[in-house]
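As structure tokens, the structure follows; a few thoughts come after it.
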Amino acid sequence: MTSFSKSIGMMKNVSTTAEPVATKRTHSAPPPASAGQEDTWLLEPEEELRARVSDLEFWYGDGTQAIQKLNMPLVDKRVTALIGPSGCGKSTFLRCLNRMHDLYKGVKYSGEITLMPENVNLIELDPMVVRLRVGMVFQKPNPFPKTIYENTIAGLRIRGIKKRAVLDEMAEKSLRQAALWDEVKDRLHQSALSLSGGQQQRLCIARALAVQPDILLLDEPTSALDPIATARIEDLLNELEGQVTILMVTHNMQQAARISNYTAYMYMGQLVEFNETDALFTRPKCQRTEDYISGRFG
Amino acid sequence: MLNTPDDQLRAAVTPAPNFLRKRAMIDKLARCILFAAAAVSVFVTIGIVYILVSESLVFFENVSLTEFLTSTTWTPLFAAPSFGIWPLLSGTLTVSAIALSIAIPLGLLLAIYMSEYAPPKVREAVKPVLEMLEGVPTIVYGYFALMMVTPLLQAFIPGLPGFNMLSPGIVMGIMILPYTTSLSEDAMRAVPRELREGAYALGYSRFYTAIKVVIPAAISGITAAFILAMSRAVGETMVVAIAAGQMANFTFNPMEGAATITTFIVQVSLGDVRHGSIGYQSIFAVGLVLFLMTLLFNVIGFMLRRRYRLAY
């Protein structure tokens, strides 16, 4: 497993001196220089970080600025939820982390998304290399028109893994992680499209997990599913806490409250508040956060 | 009485008394016209099949099916006629095979380029050109094969006869290229963006996304494109009639000239063969074979499509 992720060796093992992890909680965040207007609040988590976003800005090809001076830590092996009204830039921000925007013309980034502990800025890496390390699950299940087995190991195949034993082992392990193994173990070689929507989405999660991603991005992973399938995915995400670093966009505040350890509230392309989930929902530091979570707007 | 403004408003939006009856009549009329249109196409098809089969039966009263299917000489207009379909089939299959071996790989490559790589501007420029290829009359392709491609090929292949199957095969490949390209491209572009992004998100390159995800997802449309191209190649007439010669010749060698089924039909129907003679009847028999071939392709295409049909 570890030997596997090492063998991929996408990073040239930049430095062994990890950035000092902030151990002190600064209770008032330094407000971004440009956004001098309303209050923002940024928790400095005590736990180890997997990534740090610094002054990230993003522009679409038509020149629209979708992200403004965004600062945020991403805690290792924890679930972080991104909430905010439609069009606030949650998904846009999420898609910066695997450089998905680079598929389309004319987009521009500035600032840094530093992966830890290697201390590399993924804005400066080749997007394809970034995507080999940062996995993503989409709003709508999008299994490939292949068998369940082939879907699960698609990411391994593209990394040139050929050993049958490794592939079989990883397929089973990630299907188990995605709580799908028992339902599909007898029909691994049937088309993935024969699965139900909820099963397809868990397959997509298994597919993303199989390559041992540094970070797993989830873009409203349950919004196309019924409540039962949603509950299963939520259980599964709870299970993954402590194993994978997850950043998840959700429209559903209850979902954020149920699943995540940390929550970030975004509004109009800016981060308003980042805090431990319980704290953010019970004792929001910013008026704008409180207005949103109490349903006064958005 | 329209006393209140509310009453007036209601009166203004109330339909005329015969409104429902009128609407029902229009509906009925529309249904009749649409059914008639559907019926015409079905009856025409039935009519064609009926003529082909009944005239072929006359032919097979005089010629045994065994001879038709096993003999390798086709000389229906000779004093001592021989009726083996193989020379015509070999010509048809050889020319079609050459055409498809050009149109399928080239069409697929072009489709991948157009749907996955080409910037919109390039696509907008290339598509009309391809559609123009589609609009060129086939007789022009025929002369293009005979006057341009054959001499060009003769420069490279010494001893290539003026009538050969290679040249019309190549030209026919170019001719059906727009079909394979534009239908495959449509099928590939119809693959949802989420599927592509799913592949990219796993670290797929553009090329691998195209061949490992987009093409498998679009396979039903791509197959349909190839089957259509195949039917088209087998039934194509002018190019081969002009550039491949009119001698029935049992060979699969593209360097030789040979008549195809369609060439033979043209030759007989334009010539002075007497109506009702066995030579005349023979064109219905070979026509039936041609019809069965294209029918077979279409059935195969239909089955493949069903097998690969995907629910996005």
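Could you tell me how many degrees, from 0 to 90 and to the nearest 10, lie between the Cα long axis of helix B:19-62 and the main elongation axis, the longest principal axis, of the Cα atoms of chain B?
In chain B, helix B:19-62 runs at an angle near 10 degrees to the longest axis.
Enter the mean number of other protein chain beta carbons within 10 Å of the beta carbon of each residue in A:132-139, as an integer. Present the calculation step by step, with values, prior to reporting the outcome.
Values: counts 3, 1, 2, 3, 5, 2, 6, 1.
Going residue by residue through A:132-139 and averaging, the value is 3.
Does chain A come out rounded, prolate or oblate by the C-alpha gyration tensor, with a ≥ b ≥ c the root eigenvalues, rounded set by a/c under 1.5 and, if not, prolate when a/b is larger than b/c and oblate if not? Numbers along the way, then the final one.
On the way: a/c = 1.77, a/b = 1.42, b/c = 1.25.
Prolate, since a/c reaches 1.5 and a/b exceeds b/c.
Per-residue counts of other Cβ atoms within 10 Å, averaged by peptide: what ranking do you get for B:97-106, A:230-239, highest first?
Sorting B:97-106, A:230-239 by mean packing, highest first, produces B:97-106, A:230-239.
Averaged across B:211-218, how many Cβ atoms of other chains sit within 10 Å of each residue's Cβ atom? Let's see the in-between values first.
Numbers: counts 0, 6, 5, 2, 1, 3, 4, 1.
Mean partner shielding for this stretch: 3.
Under 15 Å between alpha carbons, and skipping anything fewer than 8 positions from residue B:127 in its own chain: which aspartates and glutamates qualify?
Output for residue B:127: B:116, B:185, B:186.
Taking the Cα atoms only, what angle lies between the long axis of helix A:227-240 and the longest principal axis of chain A, rounded to 10 degrees?
On a 0 to 90 degree scale, this one is about 80.
Within segment A:81-163, report the GluC sites (Glu not before Pro) that DSSP leaves as loop and that have at most 14 other Cβ atoms within 10 Å.
Working: sites: A:112, A:118, A:124, A:150; in loops: A:118, A:124.
Here the sparse-neighbourhood loop sites are A:124.
Which angle from 0 to 90°, rounded to the nearest 10, does the C-alpha axis of helix B:166-189 make with the longest principal axis of chain B?
Helix B:166-189 sits roughly 20 degrees off the main axis of chain B.
Express as a percent, rounded to the nearest 5, the fraction of DSSP beta bridges in the protein assembly as shown (both residues included) that run antiparallel. Don't skip to the answer; put the middle values down first.
Numbers: 24 of 43 bridges.
Taking every DSSP beta bridge within the protein assembly as shown, about 55 percent pair in antiparallel fashion.
Which whole-number percent gives the relative contact order of segment B:1-111, counting Cα pairs below 8 Å spaced six or more residues apart?
On the way: 42 pairs, mean separation 12.3, N = 111.
For segment B:1-111, the relative contact order is 11 percent.
Please work out the Cα center distance from segment B:39-94 to segment B:1-29, rounded to the nearest Å.
Cα centres, segment B:39-94 to segment B:1-29: 64 Å.
Filter the cross-link list A:77/A:285; A:90/A:140; A:69/A:108; A:90/A:146; A:105/A:140 down to pairs whose alpha-carbon distance in this structure exceeds 19 Å. Numbers along the way, then the final one.
Numbers: A:77/A:285 25 Å; A:90/A:140 17 Å; A:69/A:108 13 Å; A:90/A:146 31 Å; A:105/A:140 23 Å.
Over 19 Å Cα-Cα: A:77/A:285; A:90/A:146; A:105/A:140.
Give the distance, in whole Å, between the Cα centre of segment A:53-94 and the Cα centre of segment B:267-298.
The distance from the Cα centre of segment A:53-94 to that of segment B:267-298 comes to 70 Å.
Sum up the charges of everything whose Cβ sits under 14 Å from the Cβ of residue A:71, counting Lys and Arg as +1 and Asp and Glu as -1, but leave residue A:71 out. Before the final figure, lay out each step's value.
Values: positive: A:52, A:69; negative: A:44, A:55, A:57, A:112, A:273.
Taking every Cβ under 14 Å from that of residue A:71, the sum is -3.
Rolling a 1.4 Å sphere over the protein heavy atoms, what is the accessible area per residue of segment B:122-231, to the nearest Å²?
On the way: 4570 Å² over 110 residues.
Result: 42 Å² per residue.
Could you tell me the distance between the Cα centroids of segment A:141-170 and segment A:186-214, to the nearest Å?
Comparing the Cα centres of segment A:141-170 and segment A:186-214, I get a distance of 10 Å.
In Å³ and rounded to a whole number, note down the convex hull volume per residue for the Cα atoms of segment A:123-230.
On the way: hull volume 10.7 nm³, N = 108.
Each residue corresponds to 99 Å³ of Cα convex hull volume.
When only DSSP loop residues count, what chymotrypsin sites (Phe, Trp or Tyr not before Pro) in segment A:240-298 have their Cβ near at most 13 other Cβ atoms within 10 Å? Write down the numbers at each step before the final one.
Numbers: sites: A:262, A:265, A:267, A:274, A:281, A:292, A:297; in loops: A:297.
Hits after loop and neighbour filter: A:297.
Which whole-number percentage describes the relative contact order of chain A, with Cα contacts under 8 Å and a sequence gap of 6 or more?
On the way: 573 pairs, mean separation 72.5, N = 298.
Answer for chain A is 24 percent.
Percent of accessible area on segment B:5-62 owned by carbon and sulfur, 1.4 Å probe?
71 percent
Of all the Cα-Cα pairs you can form in segment B:191-236, what percent are over 14 Å apart? Mind dumping the intermediate values first?
On the way: 586 of 1035 pairs.
When all Cα pairs of segment B:191-236 are counted, 57 percent exceed 14 Å.
Magnitude of the Cβ-charge dipole of chain A, K/R +1 and D/E -1, about the Cα centre, nearest 20 debye?
Details: 35 positive and 36 negative charges, 191 e Å.
The calculation lands at about 920 debye.
Given R₀ = 41 Å, what would the calculated FRET efficiency be for residue B:109 paired with residue A:189, taking r from the Cβ atoms and rounding to 0.05? It would help to have the intermediate numbers written out before the result.
Values: r = 31 Å, r/R0 = 0.75.
Plugging the Cβ-Cβ distance into 1/(1 + (r/R0)^6) gives 0.85.
Taking square-rooted eigenvalues a ≥ b ≥ c of the alpha carbon gyration tensor, is segment A:200-298 rounded, prolate or oblate, where a/c under 1.5 means rounded and, failing that, a/b exceeding b/c means prolate? Present the calculation step by step, with values, prior to reporting the outcome.
Numbers: a/c = 2.13, a/b = 1.72, b/c = 1.24.
Prolate, because a/c is 1.5 or more and a/b exceeds b/c.
For residue B:225, what charge total do you get from the other residues with a beta carbon under 14 Å from its beta carbon, if Lys and Arg give +1 and Asp and Glu give -1?
Values: positive: B:189, B:232, B:305; negative: B:134, B:185, B:186.
Neighbour charge sum, excluding residue B:225 itself: 0.
Could you bin all the Cα-Cα distances of segment B:5-62 into 5 Å bins starting at 0 and give me the percent of pairs in each, rounded to whole numbers?
Whole-percent P(r) values from 0 Å outward: 4, 14, 10, 9, 9, 8, 8, 7, 6, 5, 5, 4, 3, 3, 2, 1, 1, 0.
Need one value for B:190-196: mean number of C-beta atoms belonging to other chains within 10 Å of its residues' C-beta atoms. Don't jump to the answer; show the numbers that get you there.
Values: counts 0, 1, 2, 3, 5, 6, 2.
Per-residue shielding by partner chains comes out at 3.
Based on DSSP H runs of at least 4 residues, each adding -39500 (n - 2.57), what is the mean residue ellipticity at 222 nm of the protein assembly as shown after dividing by all its residues, to the nearest 500 deg cm²/dmol? Mind showing how you got there, number by number?
Values: 25 runs with 308 residues, N = 610.
Result for the protein assembly as shown: -16000 deg cm²/dmol, rounded to the nearest 500.
By its C-alpha gyration tensor, with a ≥ b ≥ c as the square roots of the eigenvalues, how is the protein assembly as shown shaped: rounded for a/c under 1.5, else prolate for a/b larger than b/c, else oblate? Please report the intermediate quantities before stating the final value.
On the way: a/c = 2.78, a/b = 1.92, b/c = 1.45.
It comes out prolate by the Cα gyration axes.
Tell me which chymotrypsin sites (Phe, Trp or Tyr not before Pro) from segment B:68-112 have a DSSP coil assignment and no more than 12 other beta carbons within 10 Å of their own. It would help to have the intermediate numbers written out before the result.
Numbers: sites: B:68, B:74, B:78, B:83; in loops: B:78.
Qualifying residues, ordered by number: B:78.
With 25 Å as the cut-off, how large is the P(r) tail for segment B:86-311, expressed as percent of Cα-Cα pairs? Present the calculation step by step, with values, prior to reporting the outcome.
Numbers: 12080 of 25425 pairs.
Beyond 25 Å sits 48 percent of the P(r) for segment B:86-311.
For segment B:194-312, what percent of Cα pairs sit more than 18 Å apart? Before the final figure, lay out the partial values.
Working: 4663 of 7021 pairs.
Tail of P(r) above 18 Å: 66 percent of Cα pairs.
Have a look at the DSSP beta bridges in chain A and tell me what percent are antiparallel, nearest 5. Don't skip to the answer; put the middle values down first.
Values: 23 of 42 bridges.
Close to 55 percent.
In percent, how large is the relative contact order of chain B, given Cα pairs closer than 8 Å and 6 or more residues apart?
Working: 402 pairs, mean separation 76.0, N = 312.
With pairs under 8 Å counted, the relative contact order is 24 percent.
Taking the highest mean first, how do the peptides A:52-63, A:190-201, B:226-237 order by number of other beta carbon atoms within 10 angstrom per residue? Working shown, then result.
Values: A:52-63: 15.6, A:190-201: 19.1, B:226-237: 21.4.
For the peptides A:52-63, A:190-201, B:226-237, the packing ranking is B:226-237, A:190-201, A:52-63.
The values are calculated or read from the model by the stated rules, or taken from the named source; none is laboratory data. Everything numeric here is computed off the predicted structure, so don't read it as measured data. Heads up, the Cβs are rebuilt from the backbone with ideal geometry, glycines too, and the neighbour counts pull from every protein chain shown. Side chains included, ligands, DNA and RNA excluded: accessible areas come from the protein's heavy atoms. Shrake-Rupley method; radii C 1.70, N 1.55, O 1.52, S 1.80 Å.
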